[in-house]
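What follows is one structure encoded as structure tokens, with my remarks underneath.
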Amino acid sequence: MKDNPNLEALRAAIERIDEEILDAFRRRMAVAEDVARTKLAAAWPFRDPHREDLLLRKVRARAAGHGLDPHEVERIYRLLLDMSVARQQGLVARLDTTPLRVGYLGVEGSYSHLAARQRYTGRPGGVLLTGFNLAREAVQALRSGEQDFVLLPIENTTAGSMNETYDVLAEGGVVITAELVSQVDHRLLVMPGTRIEDVREVHSHPQALEQCESFLRTHLPHAKLVPETDTAGAARRVAEKHDRSAAAIASESAAQRFGLELLATVLQPALDYTRFVEVGREATPLAPDVPCKTSLLAVLEHKPGALGQVLQRITERGVNLTKLESRPIPGAPWKYRFYLDVEGHAASAALTAVLEDLRPLTSSLRVLGTYPRAEQRDG
């Protein structure tokens with residue numbers, strides 16, 4: 001018995017619609033590849049969880065408006081997003097020039113992300129950025145070969161040193177290959193329409209809260225300070241809370257990224273800069289005429305005057321010491337590691353002599369890296 005002619009016509013109509021859906025999928029994948037090329041050139045991460053959440057929210061609302069099950073439509077779109085990411089990754093695998101894989105701290109719009117864009121945008125072959133919550137996680141991905149480099153904040157002109165970065169460098173297996181100095185411009189971000197008297201809590205990275213202490217004490221003395229893993233993550237949390245009593249200290253880029261308003265733009269008493277270090281698995285060759293810096297890690301012999309002798313030896317060799325930082329050694333009470341930054345290449349005659357002079361004064365001495373010296377700025 002033949003099918004009902006009307007049923008055959010309906011099946012043909014469904015097949016035509018299916019063909020349209022497949023063609024739309026094809027066009028979407030083509031655009032996804034264009035997005036991948038743009039992100040590689042502009043140093044943007046491939047995966048954008050916040051944007052995906054916003055898209056899925058819109059899809060659920062539109063599905064309901066069309067009389068469709070929002071949850072089933074969302075399930076289909078999640079698969080479609082995974083397809084798009086897989087297509088982008090496939091494009092990367094087919095490129096003649098392999099993109100550089102670089103890890104940074106935080107999410108898009110964080111100061112680490114902005115510094116990564118400053119350093120890598122326009123690199124031939126592109127850059128594939130990945131955000132990490134912790135410096136230790138980023139460095140572990142570097143050691144395992146998942147990343148080619150990671151960019152880590154190491155000190156700030158207002159808040160001082162980032163201890164986590166120093167601690168992961170001490171664990172070994174990586175080397176500093178470059179440094180970058182980036183200006184930090186904090187903004188107070190809020191939901192649109194929020195007044196300063198509405199703010200009851202301020203979210204940000206502890207360093208940012210410290211850098212803006214004077215502003216917070218003067219203008220928001222009763223606000224609760226809520227530490228977050230990074231500034232842009234704080235902005236994302238405020239956007240997700242959709243609560244006018246919450247504010248974030250973050251960059252203007254983060255405000256644009258998460259749809260927040262700038263409530264205050266002058267939060268720091270002076271110009272503020274953060275120094276970042278690029279960390280890799282191997283040293284990068286330097287041209288002989290490049291002004292450079294070398295970072296050292298030393299554990300001193302436990303005897304009086306050891307540090308003074310170290311500093312004296314460096315001075316006697318005519319080497320300029322630009323930074324000295326101490327950190328406690330885990331599991332060894334009252335013993336410290338010293339991090340020293342000096343001008344010059346580790347292979348130069350002056351620094352080779354310094355290293356030989358210091359070895360008898362230390363129980364451990366290691367070169368953390370020699371790298372081009374960044375332009376120094378006054379904070």
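The values are calculated or read from the model by the stated rules, or taken from the named source; none is laboratory data. Treat the numbers as computed from the prediction; the structure is a model and nothing was measured. With ideal geometry, Cβ positions are generated from the backbone for all residues, glycine too; neighbour counts draw on all protein chains shown. Accessible surface areas use protein heavy atoms only, side chains included; no ligands, DNA or RNA. Shrake-Rupley method; radii C 1.70, N 1.55, O 1.52, S 1.80 Å.
What accessible area per residue comes out for segment 103-201, rounded to a whole number of Å², with a 1.4 Å probe?
With all protein chains present, segment 103-201 gives 35 Å² per residue.
Tell me, what is the per residue accessible area of segment 257-379 in Å², probe radius 1.4 Å?
I get 54 Å² per residue for this part.
So in the chain, what percent of DSSP beta bridges are antiparallel if you round to the nearest 5?
Restricted to the chain, the bridges split so that about 75 percent are antiparallel.
I want to check the label-to-label distance for H219 and R359. Put each point 7 Å from Cα in the C-beta direction and report it in nm to one decimal.
5.6
Using the Karplus curve 6.51 cos²θ - 1.76 cosθ + 1.60 with θ = phi - 60°, what ³J(HN,Hα) values do you get for each residue of segment 307-318, in whole Hz, with x for Gly and Pro?
So the J values, rounded to whole Hz, are 5, x, 5, 4, 5, 5, 5, 5, 5, 4, 8, x.
For Kirkwood radius over Cα pairs in Å, several values are listed as (1) 21.4; (2) 20.3; (3) 24.0; flag the one computed from this structure.
(3)
Helix-only mean residue ellipticity at 222 nm, the chain, DSSP H runs n ≥ 4 weighted -39,500 (n - 2.57), per residue, nearest 500. What is it?
Mean residue ellipticity at 222 nm (helix-derived): -13500 deg cm²/dmol.
Taking amide H positions as placed 1.01 Å from N in the peptide plane, with prolines and chain starts having none, which residues 5 or more places from T158, or on another chain, fall under 5 Å of its amide H?
The answer is Y273.
Please list, or write none, the lysines whose alpha carbon is within less than 26 Å of the alpha carbon of K58, excluding same-chain residues fewer than 8 places away.
K39, K241
Would you kindly compute the Cα radius of gyration of segment 152-292 and its largest Cα-Cα separation (Dmax), both in Å?
Taking only Cα atoms of segment 152-292, I get Rg and Dmax of 17.5, 58 Å.
Carbon and sulfur atoms: what percent of the 1.4 Å accessible area of the chain do they account for?
53
As I understand it, the value is the acute angle between the Cα axis of helix 349-358 and the longest principal axis of the Cα atoms of the chain; what does it come to in degrees, rounded to 10?
80
Could I have the simple spin-label model distance between L271 and T229, label points 7 Å from Cα toward Cβ, reported in nm to one decimal?
Each label point lies 7 Å from its Cα, and together they span 3.3 nm.
Find out how many positive minus negative residues lie around I154, taking Lys and Arg as positive, Asp and Glu as negative, among other residues whose Cβ is under 13 Å from that of I154.
-3
Using 7 Å Cα-to-Cβ label points, what is the V367/A350 separation (nm, one decimal)?
Between V367 and A350, the label points sit 1.6 nm apart.
In segment 174-306, what % of DSSP beta bridges are antiparallel (nearest 5)?
Taking every DSSP beta bridge within segment 174-306, about 70 percent pair in antiparallel fashion.
Taking Cα atoms, how many degrees apart are the long axis of helix 49-65 and the longest axis of the chain, rounded to 10 and kept between 0 and 90?
20
Calculate the length of the line joining the C-alpha centroid of segment 226-283 to that of segment 116-152, in whole Å.
19
Using the per-residue mean of other Cβ atoms lying within 10 Å as a proxy for protection, in what order, highest first, do the peptides 99-110, 57-68, 220-231 fall?
Top to bottom by mean Cβ count within 10 Å: 99-110, 220-231, 57-68.
What angle, in degrees between 0 and 90 and rounded to the nearest 10, separates the Cα long axis of helix 70-94 from the longest principal axis of the Cα atoms of the chain?
Taking Cα atoms only, the helix is inclined about 50 degrees.
Show me the ranking of peptides 271-284, 247-260 by mean Cβ neighbours inside 10 Å, starting with the highest.
Those peptides, ordered most packed to least, come out 247-260, 271-284.
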